[in-house]
Structure formats: structure tokens, C-alpha cells
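Beneath this line is the structure, given in C-alpha cells, with notes to follow.
Every number here is computed from the coordinates shown, using simple stated rules; none is lab data. Keep in mind that this is a model prediction, so the values were computed, not measured. FYI the Cβ positions are ideal-geometry reconstructions off the backbone, even for glycines, and counts take in every protein chain you see.
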Amino acid sequence: MNIKQALKDATEELKNSCERPRFEAELLLSYYLKKERTYLHAFDDKEVEGFEDFKALVQRRANHEPYEYIVGKASFYDIELNVEQGVLIPRPETEILIDLVAKIIEKKSITSIAEIGVGSGAISVVLARKFPNLKIIATDICDTPIKVANLNIETYNVQDRVKVIKSSILDEVNNHIELVVSNPPYIANDFKLEKNVSEYEPYEALFGGVVGDELLKQIVLDVKAKDIKYLACEMGYDQKEPMIAFFNEIGVAYYQFYKDLAGFDRGFVVKFISN
Ligand SMILES: C[S@@+](CC[C@H](N)C(=O)[O-])C[C@H]1O[C@@H](n2cnc3c(N)ncnc32)[C@H](O)[C@@H]1O
């Protein structure tokens, strides 16, 4: 079968699972052939060798498997990260969290931070690349994120400054830390997510408890208890009010919320009163 027909068939196959079936068919075929998309247009009469293998990739996508898991890569901020099932695919809204944290690091000349829930390493790798003097200790409770984060840390050659450890929240972190950043699981356990997320992305990366904000609140308490000055977290669009009530209840020096590009409340920075 030639490229033109292969794209036509793949587009048809993807039309119930993708918003842009033709575009995704082209992305998958360029990945399969290891060619740019422009090649598909210029040489659409060329045969697709091993057509059955390409069809299998299309079938995975038609079953709602995220494109990033099929190709094993995800674009994030200014880099491309290795990803696989078992690791959250980094989301564009998390780039806002990074910019916010970067401002604090710069303004306060911070040199040592921790990340809770490292996942693919997206946040830690980008921050380490931005700040050549920054030391990061990153935690996760799951083995696949720890493995994949370490791979990305090595890929971007920041392994001498980013250490990943298996730990819940900051339980195993004893170093002096000035700021903590986290994009923790914050979705309520019974919330119905789209099939491409619920059936493929890891449960531990998504669900934060019965209400959803349980882990977020525990992170706030643990960071406060360790006398760390700043915490910056991503959160759910409906969690601003409960978090404000929580900050007022425990007493903090200062807090500020931020929105994502769609205008939804998406996270906060909190400064703690020194013990
Ligand atoms: C939403 S993902 C974020 C991954 C990555 N930081 C990002 O922004 O793409 C949350 C991560 O937190 C980890 N996690 C869940 N509970 C945790 C806990 N109690 N302590 C540390 N990490 C935890 C999950 O395994 C997952 O990798």
C-alpha cells in the first residue's frame, strides 16, 4: 500500500478517537517511517514497508492510547522527555508553575529545592537546566516515574544536581531546602476522566483522595513542619476556596493563586512563617 492510501485508511480508523484524525495519521506515519511530515506529501506514491506494523500503531491510537505513549516522547517547555505508561504525560499548564517558581528562585537567589512527585522529571529537569547552580532533590512513591525521571535527568546531563529518591512527600528528605515545588495528584477518586487518561495514565499520578485535595493539604503541612520557606503547587480548578480556608486555619505568612491559560484557577505559592 502506498503512503496516500495508508493515510486515507488511518484517518478513517482514527476518526472516532481523535479530534484531528488526518493530522494524527500523518504524525504516526512520519514516526513509523522516521521521516518529516513534508516527505509524506512529496512522496505519497511510495510503498509503506511493513504496513501491518503501521496499522498496529494506528490501532493503539484508535483505542485511545495517548500519542506520547505510542512514540515514547512528550514535548514539554523547551525539551522533549522520554515517557512510557506508568508515568504522567507532562501537561502544558505545568509550564506556568515552572515560570512562577523560576521567578522566586531568581528573586530570592535560591540554590536548593525539592520536588514532590517527580513523574517524568519534567519540572526538575527544566528548572535544573534554567539554573546551573540549583540543587534539586525529587521524590516519588512509584518505581516507573523514578526510572523514567532518572533517564531524562541523564539525557539532559543534570544528574550531578538532581537526585531522585523513593519517598512519600518529603519523608526521606533531610537536606536543607528553601523551596518545594509539586504537581501532585489532586483529582477526586470518583471523578470520571476521559478514556485516554483513565485507561492509560497512572492512578497514583491523578487521584488525590476522596475529596481530591487530601494530598495537597498534607504536602502543605509537611513543608510547614520542615520549616521550609516556600511551596508552589499545581491544583484543581475548584480547589482555591478550600485551600484559602486551609491556609487561614493553619496560619501562613502569605499566599497567592495563579490561573492557567484557559483562565481556571490552577495553583498557588505559599510562604510560611518561620518557626
Ligand atoms: C500529577 S503527577 C506529576 C508528575 C510530574 N511532576 C509532572 O508535573 O508532569 C504526580 C506524581 O506524584 C507521585 N506521587 C503520588 N503520591 C505521592 C506521594 N505521596 N509522595 C510523592 N509522590 C507521589 C505520582 O507517582 C506521580 O508521579
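Note on the chain: dipole from Cβ charges, positive end direction compared against 112, 92, 159; the farthest Cα belongs to 112. When the GluC sites (Glu not before Pro) in region 1-46 are filtered for DSSP coil states and for at most 15 other beta-carbon atoms within 10 Å of their beta-carbon, the remaining sites are 19, 36.
Let me know the shape class of region 123-275, please: from the alpha-carbon gyration tensor, a ≥ b ≥ c as square roots of the eigenvalues, rounded when a/c is under 1.5, otherwise prolate if a/b is greater than b/c, or oblate. It is oblate, given that a/c is not under 1.5 and a/b is not larger than b/c.
Please label the shape of region 27-95 as rounded, prolate or oblate, based on the square roots a ≥ b ≥ c of the eigenvalues of the alpha-carbon gyration tensor (a/c under 1.5 means rounded; beyond that, a/b larger than b/c means prolate, else oblate). The shape class here is oblate. Max-minus-min Cα coordinates of the chain on each principal axis give 71, 40, 31 Å, with the largest extent listed first.
Dividing the summed -39500 (n - 2.57) terms of all DSSP H runs of n ≥ 4 by the residue count of the chain sets its mean residue ellipticity at 222 nm at -12000 deg cm²/dmol. For region 3-63, the normalised intensity computed at q = 0.17, 0.28 Å⁻¹ comes to -0.47, -1.28 (log10 of I(q)/I(0), Debye sum over alpha carbons, equal scatterers, no solvent). Annotation: amide H of residue 168 has no partner in the under-5 Å range at sequence separation 5 or more or interchain, hydrogens built in the peptide plane. The chymotrypsin sites (Phe, Trp or Tyr not before Pro) of region 1-82 that DSSP puts in a loop, and whose beta carbon has at most 16 other beta carbons within 10 Å, are 43. Considering only 106, 115, 93, give the residue with the highest GNM mean-square fluctuation for the chain, with springs between Cα atoms whenever their separation is below 10 Å. Evaluated over the chain, the most mobile residue of the options is 106. Over all orientations, region 154-227 has a Cα convex hull whose mean projected area works out to 6.6 square nanometres.
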